[in-house]
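The values are calculated or read from the model by the stated rules, or taken from the named source; none is laboratory data. All of these numbers come straight from a predicted model, not from anything done at the bench. When we count neighbours, we look across all protein chains shown, and the Cβ atoms used for this are built from the backbone with ideal geometry, even at glycine.
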């Protein structure tokens, strides 16, 4: 059974606080009261929160620094520290991440990339940025030119050992010649205890047994206090028991191999596995129908949404009476067409993103605040999670552009970055506009181009959801692209609020590819007689279409939604690895600040 060790924080929970703020306010343990070593600054270099928790456990908590409450690889430390780590370099990408995952078994979210990961902080929160910028500034000012500073790092994998001299040299160059590194190698049994290396005066290595990770009662405990105190004694010249090694290569050979720190809480990896995201193959094999789809695929220009709004803005506006045309995706090509036609249109939530019909139904039925996956959406210290609409699992650059793609299993952002607070604020205004559309008294012509032809068989569900939310003035035009067997408008028998338009591939040569379907929809609403085919039911309607799934692909040939690749995780949903005996204590024990104070 999992054991949660709860320790009362000395801080009061306030809106906007990060969990790391509460972790930092955990009470310090009893100090050994040693004036000679108390003046030596302690600095955690990760790889996780164990060093900082150990500092606090021996009464040496001190001010918060950037690596205290996060996960870091060696490559991450070097990446952040070897260049200017400040506003001029955008902090070397410190606040970036490529995946956002629910941590199974606890109320936690991890934001992760190859170099590092946040488990107690939300890097999309402006308050978090301000706090960490102060911590980084504090770190940059560490001065080891005249007084010793003890940097403490526990390595996540023994594969990093050959890179440790690089880190030591970087610390000495960056902060001064009295930079001392205590390197801890966890879960060791062949060798145990402290060691020094001939010719490397600024480093102590500590081979630590796995038993140090639990206390006398067998409960998880901060493991590094004794090792830190021993290193402090060594620095001030006290006699200590240490092993002597003649070379760094001998240290490497004596270490028992371990990768314990590559696993995080809840059976998740601590880091992304590769620097570059994996190449995404087409969502499905290209069948005969793909020949009807042009190469490259019709896409919007790679511009932010504000620039797209100006790019497609008409010189004059058309007058269409008491009708409002409302784009519902699946992509921004619908919005672009509405703008290019000069039709009056407000900025609304589904304008420029890609969204599946399942995503539309979710937000129409449950609202923009509803979580889109279990474990997220409660808010608290995660501002993004107050709106399920802003949730995403993958974040990566769009190849060949300056855009950032953020993607969930229901929708994806390409022209807006939901990790940006200003973007989220803009969407909040769009939510309000969208939710009150039905109060205007106007006829609402909702327009959706389907991502796949399978949507045609479910069109009735979308129509019903629109009618329930906006009333009987809601009507729906559905566009099915790249059709040849049937073209033009079609309706389903006894269904008078849905028109489907089978659109030929030639239409995408126009900057406004959906001009004909939208005009046909406006004529339909005005009562004009139109040549219209009739399908017996929605199953028959879908059978009339040439199959296509072109809407599953976005800019840069990336997938439009999650889940189109073969899953790489084991059988348990959300689980990426099975905790081994060396890191089981991290899976079972979660040091949490008590938020009920």
Problem - Answer residue from the range 277-299, given it is at pLDDT 80 or above and under 17 Å from residue 482 (Cα atoms) and is surrounded by the fewest Cβ atoms within 10 Å (Cβ to Cβ) among those - result: 297
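Within the range 196-212, track down each residue that is out of contact with any helix residue (DSSP H, G or I) (no Cβ under 7 Å at 6 or more places or on another chain) and farther than 22 Å from residue 147 by Cα. Don't jump to the end; show me each part of the working.
Within the range 196-212, the first condition is being out of contact with any helix residue (DSSP H, G or I) (no Cβ under 7 Å at 6 or more places or on another chain), and the residues that meet it are 196, 198-199, 201, 207, 209-212.
Result: 198, 207, 209, 210, 211, 212.
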Handout entry: So residue 499, is it surrounded by fewer than 22 Cβ atoms within 10 Å (Cβ to Cβ) and either over 25 Å from residue 332 (Cβ atoms) or without any contact (Cβ under 8 Å) to a residue 40 or more places away in the chain (or both)
Key = no
Handout entry: Qualifying residue in the range 161-177 (condition: buried (at least 17 other Cβ atoms within 10 Å of the Cβ), in a helix (DSSP H, G or I) and under 26 Å from the mean Cα position of the chain (by Cα))
Key = no
Exercise for the section: Among the numbered conditions (1) more than 20 Å from residue 561 (Cβ to Cβ); (2) without any contact (Cβ under 8 Å) to a residue 12 or more places away in the chain; (3) touching a strand residue (DSSP E or B) at 6+ places or on another chain (Cβ under 8 Å), tell me where residue 432 comes up short. Expected result: (3)
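Quick check on the range 247-281: of everything there that is assigned to a helix (DSSP H, G or I) and in contact with a strand residue (DSSP E or B) (Cβ under 9 Å, 6 or more places away or on another chain), which residue is farthest from residue 49 (Cα to Cα)?
From the range 247-281, those assigned to a helix (DSSP H, G or I) are 248-254, 260-262, 265-267; that's our starting set.
Narrowing further to those that are in contact with a strand residue (DSSP E or B) (Cβ under 9 Å, 6 or more places away or on another chain): 248, 250-251, 254, 261-262, 265-266.
Numbers: 248: 26, 250: 28, 251: 25, 254: 26, 261: 11, 262: 14, 265: 12, 266: 16 Å.
Of everything passing the filter in the range 247-281, 250 is farthest from residue 49 (Cα to Cα).
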Handout entry: Elements of type strands (runs of 3 or more DSSP E) in the range 8-111, at least 1 residues being within 18 Å of the chain's Cα centre (by Cα) and in contact (Cβ under 8 Å) with a residue 60 or more places away in the chain
Key = 70-72, 99-102
Practice task
Go through the range 127-142 and give me each residue that's in contact with a helix residue (DSSP H, G or I) (Cβ under 7 Å, 6 or more places away or on another chain) and outside any helix (DSSP H, G or I).
Solution key: 142
Exercise for the section: Could you list, in sequence order, all residues of the range 340-356 that are in contact (Cβ under 8 Å) with a residue 40 or more places away in the chain, within 17 Å of residue 479 (Cβ to Cβ) and surrounded by fewer than 23 Cβ atoms within 10 Å (Cβ to Cβ)? Expected result: 340, 341, 343
Practice task
Please name all residue pairs, on different chains or six or more residues apart, with Cβ atoms under 7 Å, provided the first residue is in the range 291-314 and is not assigned by TED's automatic domain parsing to the domain that holds residue 347 and the second residue is at pLDDT 95 or above and surrounded by 13 or more Cβ atoms within 10 Å (Cβ to Cβ).
Solution key: none
Exercise for the section: Can you tell me which residue among 556, 527 is at positive phi, touching a strand residue (DSSP E or B) at 6+ places or on another chain (Cβ under 9 Å) and modelled with pLDDT of 65 or more? Expected result: 556
Handout entry: Residues of the range 214-252 classified as farther than 25 Å from residue 40 by Cα and surrounded by 12 or more Cβ atoms within 10 Å (Cβ to Cβ), total
Key = 11
Problem - Number of the condition not met by residue 376 [criteria: (1) at pLDDT 95 or above; (2) touching a strand residue (DSSP E or B) at 6+ places or on another chain (Cβ under 9 Å); (3) more than 19 Å from residue 433 (Cβ to Cβ)] - result: (1)
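Is it the case that the range 183-195 has a residue that's in the same structural domain as residue 240 (by TED's automatic domain parsing), without any contact (Cβ under 8 Å) to a residue 12 or more places away in the chain and under 38 Å from the mean Cα position of the chain (by Cα)? Give the steps one after another, and end with the answer.
Pass one, the range 183-195, residues in the same structural domain as residue 240 (by TED's automatic domain parsing): 183-195.
From the residues that got through so far, the ones that are without any contact (Cβ under 8 Å) to a residue 12 or more places away in the chain too are none.
Within the range 183-195, not a single residue is in the same structural domain as residue 240 (by TED's automatic domain parsing), without any contact (Cβ under 8 Å) to a residue 12 or more places away in the chain and under 38 Å from the mean Cα position of the chain (by Cα).
Does residue 537 satisfy the criteria of being surrounded by fewer than 17 Cβ atoms within 10 Å (Cβ to Cβ) and in contact with a strand residue (DSSP E or B) (Cβ under 9 Å, 6 or more places away or on another chain)? Can you show your working first?
Numbers: surrounded by fewer than 17 Cβ atoms within 10 Å (Cβ to Cβ): yes; in contact with a strand residue (DSSP E or B) (Cβ under 9 Å, 6 or more places away or on another chain): yes.
Here the answer is yes, as residue 537 does meet what is asked.
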Problem - Members of the range 393-409 that are under 25 Å from residue 366 (Cα atoms), assigned to a loop (DSSP other than H, G, I, E, B) and out of contact with any helix residue (DSSP H, G or I) (no Cβ under 9 Å at 6 or more places or on another chain) - result: 393
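Against the definition (assigned by TED's automatic domain parsing to the domain that holds residue 299 and either closer than 20 Å to residue 360 by Cβ or assigned to a helix (DSSP H, G or I) (or both)), how does residue 429 come out, yes or no? Show your work before the answer.
Details: assigned by TED's automatic domain parsing to the domain that holds residue 299: yes; either closer than 20 Å to residue 360 by Cβ or assigned to a helix (DSSP H, G or I) (or both): yes.
In short, yes.
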Problem - residue 241 assigned to a loop (DSSP other than H, G, I, E, B), more than 24 Å from residue 108 (Cβ to Cβ) and not assigned by TED's automatic domain parsing to the domain that holds residue 481 - result: yes
